[in-house]
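Single-structure report; data block below.
All of the numbers you see were taken from the coordinates with simple rules; none came from a lab. Being a predicted model, the structure only gives us computed values, none of them experimental. So basically every Cβ, Gly included, is an ideal-geometry build from the backbone, and we count neighbours across all protein chains shown.
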2 protein chains.
Amino acid sequence: MDRAGTDGVADKRKLYELLWGTPSAPRRGPRPTLTLAAIAGAGIAIADADGLEGLTMQRVAESLDVTKMALYRYVPGKAELVGLMIETAVGEPPAPPQGAGWRDQLDDWARQMFDRFRRHPWALAATVGARVMGPNELGWLERALAALTGTGLNGGEMLDVAVLLLGHARNLAQQVSAMDTGTPEQALESGLGALLRGREERFPALIAAVGSAAAHAAQDQALDFGLARILDGVELLIRTRHP
Amino acid sequence: MDRAGTDGVADKRKLYELLWGTPSAPRRGPRPTLTLAAIAGAGIAIADADGLEGLTMQRVAESLDVTKMALYRYVPGKAELVGLMIETAVGEPPAPPQGAGWRDQLDDWARQMFDRFRRHPWALAATVGARVMGPNELGWLERALAALTGTGLNGGEMLDVAVLLLGHARNLAQQVSAMDTGTPEQALESGLGALLRGREERFPALIAAVGSAAAHAAQDQALDFGLARILDGVELLIRTRHP
DNA sequence: AGTACTCTGTATCCGACGGACACAGTTTAG
DNA sequence: CTAAACTGTGTCCGTCGGATACAGAGTACT
């Protein structure tokens, strides 16, 4: 019960040092053959190909031509390696489109976030639960809030909007990654359709919706749809603040 | 690369049988001392207390007074056990509030979903990526779509709305579970605030937002806020369909 | 009633994984 | 030139998921 709690604190300290600490160059001893960036890159390559289950200290070490234990000179443990991989994979936040309004900026922000999660599907599973955020991750958040300054929303509302958009991007990336072939609606048909076949009386509304979705041949529009709904709702709120 | 793909098919078959197959009562041999429900319940209790990392076949077996290998007579493997736990933990979808409009129904649906994820935080991590859904999980989806029938939306749009709401409930449950003490805004202050302290020039908008959020002393309103924005957006769309 | 068959739980074993620890080699500070 | 510090390696251990073989329990058939 408290096992996860007690050394969870120590783990947070270690990861914080790893993500935010200044890279102190030691003065003696042989030169390190590896760098944190190289290790994170190797880990990302493996996780991109085989997911988090395929990520092994052994495999990371092999891809860098080192022994497994050599990695522990750079990274306290596997959890911290994954944390470092997340920070590296999200990367620096992109520059906002100049001269655009808050809506276009947030739209672009959410789509960029979606793209990152699409490129690194393992990041979805790795970013559940409490964790220490790094500079890059915080930079993305900063950029979303910067887009909202001057809209009349208060701080809490701005944070809520950012959380809302981030959740949608995450959710859609997961939805799309889960069904890696074709459009979401297409995979919905093959995956859900197989389950629903022969159970029409039990899920009538679901059957009708899936059938209609397949008939309309609507392509990958789930991201656009949710984004439009959310931003419509936010715009409505902002308009009531600036009558 | 194809390792996850090849036996992933077999795993899906097994889990499908487990979730959708009829419980065939064998005619010979000694009576089973366990039931699938009991196993799933034991697993849920452990995961509720210590998370998915604390879930071990050993511990599940111990809590049922059986050997570890006895579980494999009921469940093909740990992945399938987790799948069964998910299906059991979400449970049957609640009855919709009678006589309510689509908006109230969906509002209630999303909050119920949020509650389930709050009660079983491990379910968030367990439901990432492609997976086989069970009858209960599909029942929840059915209920959301049933609430939307008659609004004039087509099947694809109805599915998109359901995905949008589900994502928000998941996202907020994760956000709240990540910071288990106090309100989200409060934990945001202690967690983010600690990171931001001393870096004011780097994250100005973030600093301002967090400070303002703490000053307004807004309590757990992120769920309400996002829900209101989303449903506002959906209502706007429905109104344009029924002028 | 007895026998053969089938199903259950157990005991033992294995490979993979994360990680601790001691050691040898290498580079720089004094 | 020597001592200190740092790096990578080899070895070892505990834990976990899972395969397999086996012994006992209960039922169907003769």
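Give the calculated FRET efficiency between B:ALA79 and A:ALA38 to the nearest 0.05, with a Förster radius of 45 Å applied to their Cβ-Cβ distance.
0.90
Any idea what the B:LYS78 label distances to the other copies are, label 7 Å down the Cα→Cβ vector, nm, shortest first?
0.9
Using 11 Å as the cut-off for backbone N distance, which residues of the stretch B:192-213 belong to the label zone defined by a point 7 Å from the Cα of A:ASN154 along Cα→Cβ?
Label zone hits: B:212-213.
Determine, from the Cβ-Cβ distance of A:ALA194 and B:THR56 and an R0 of 35 Å, the FRET efficiency 1/(1 + (r/R0)^6), rounded to the nearest 0.05. List each step's numbers first, then the result.
On the way: r = 33 Å, r/R0 = 0.94.
E between A:ALA194 and B:THR56, to the nearest 0.05, is 0.60.
Per DSSP H run of n ≥ 4, the term is -39500 (n - 2.57); total these for the protein assembly as shown, divide by its residue number, and report the mean residue ellipticity at 222 nm rounded to 500 deg cm²/dmol.
Mean residue ellipticity at 222 nm (helix-derived): -21500 deg cm²/dmol.
Quick one: with label points 7 Å out along Cα→Cβ, list the inter-copy distances for B:ARG28 in nm, shortest first?
Spacings between copies for this position, smallest first, are 7.6 nm.
So, R0 is 45 Å and r is the distance between the beta-carbons of A:ARG28 and B:GLN112; what FRET efficiency does that work out to, to 0.05? Intermediate results must be reported in sequence, preceding the final value.
Details: r = 61 Å, r/R0 = 1.36.
With a Förster radius of 45 Å, E is 0.15.
Taking every residue in B:124-133, how many Cβ atoms of other protein chains lie within 10 Å of its Cβ, on average?
Per-residue shielding by partner chains comes out at 5.
Normalising by the residue count of the stretch B:3-89, find the relative contact order in percent from Cα pairs under 8 Å and 6+ residues apart.
Working: 51 pairs, mean separation 31.4, N = 87.
Across the stretch B:3-89, relative contact order equals 36 percent.
Set the bar at 22 Å for Cα to Cα. Now go through A:LYS12/B:LYS78; A:LYS78/B:LYS68; B:LYS12/B:LYS78; B:LYS14/B:LYS78; A:LYS14/A:LYS78; B:LYS14/B:LYS68 and name every pair that lies beyond it.
Listed pairs above 22 Å: A:LYS12/B:LYS78; A:LYS78/B:LYS68.
Measuring label to label, 7 Å along Cα→Cβ, what does A:ARG199 give against each other copy in nm, shortest first?
Label point to label point, same position, other copies: 4.6 nm.
From zero up to wherever the largest Cα-Cα distance of the protein assembly as shown sits, split into 10 Å bins and tell me the percent of pairs in each.
Histogram of Cα-Cα distances, whole percents per bin: 4, 17, 28, 27, 17, 6, 1, 0.
In chain B, which whole DSSP H runs stretch at least 27 Å along their own axis (Cα) and average 0.5 or higher on the Kyte-Doolittle scale?
B:155-178, B:222-241
Of all the residues in chain A, which one has the C-beta that comes nearest the axis relating A to B, and what is the distance in Å?
Nearest residue, distance rounded to whole Å: A:GLY233, 2.
Please list the three semi-axes, largest first and in whole Å, of the ellipsoid equivalent to chain B, using sqrt of 5 times the eigenvalues of its alpha carbon gyration tensor.
37, 27, 16
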